[in-house]
Amino acid sequence: MPPQDTESARWFAENLQPHEPMLRAWLKSQFGSGCDVDDITQEALVRVLEARVTREVRSPKAFLFVTARNLALMRARHLAVAKVDSLAEFDCSGIMDESVDVPHAVARAEELEMLTRAIQSLPNRCRQILTLRKIYGMSQKETAAELGIAEHTVEIQSVLALRKLDAYFKKHTAPRRGF
């Protein structure tokens, strides 16, 4: 449902509504049939409109997709927790102990957490470009068009982002010691 005031309705019609079909298709392709595409799409649209009230939204399409992705992931995590809660009643006494994989899973989770922090530490433009290029798989040309900047700027900012990520990892990881 579009917003009621004319300025917000115009902004919605120009900046969000054209991307709604693509968002729905993307959600279906990324999260499958277990995802309530209609509900997540509606919630993402509302959240982007609410965010616009308090701050400028420079890249509405990217912001919409990131918001929808985060909502879908949040719901997936919620469903996973609900499944775990229902498994608590299940008799696990006959199941083998798979604890050998636990250290690997913990290490992987820590690596993902560090990557998230590293990406969040990037300057806004670097983070936007990295997100569009690496997470959404956009080409350099598509990214430039989406952000309204030159392709050369995308290239330079991509290199800068990778250098900053490298520096972040060097600063925040302990040197490995052999045994």
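The values are calculated or read from the model by the stated rules, or taken from the named source; none is laboratory data. Keep in mind the model is a prediction, meaning the values are calculated, not measured. Neighbour counts are summed over all protein chains in view; Cβ atoms, including those assigned to glycine, are modelled from backbone coordinates with ideal geometry. Accessible surface is based on the protein model in full, side chains and every heavy atom, while ligands, DNA and RNA are left aside. Shrake-Rupley method; radii C 1.70, N 1.55, O 1.52, S 1.80 Å.
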Within the stretch 16-50, count every residue that is open to solvent by less than 70 Å² (accessible area, probe 1.4 Å) and either in contact with a strand residue (DSSP E or B) (Cβ under 7 Å, 6 or more places away or on another chain) or not in a helix (DSSP H, G or I) (or both).
-> 2
Are any of the residues in the stretch 10-22 within 28 Å of Glu142 (Cβ to Cβ) and at pLDDT below 90?
-> no
Is it the case that the stretch 66-82 has a residue that's modelled with pLDDT of 85 or more, exposed (fewer than 15 other Cβ atoms within 10 Å of the Cβ) and not in a helix (DSSP H, G or I)?
-> no
With respect to Ile95, determine if the residue is under 27 Å from Thr67 (Cα atoms), at pLDDT below 90 and among the β-branched types (Val, Ile, Thr).
-> no
Could you check, for the stretch 136-145, whether at least one of its residues is touching a residue at least 12 places away in the same chain (Cβ under 8 Å), under 17 Å from the mean Cα position of the chain (by Cα) and surrounded by 10 or more Cβ atoms within 10 Å (Cβ to Cβ)?
-> yes
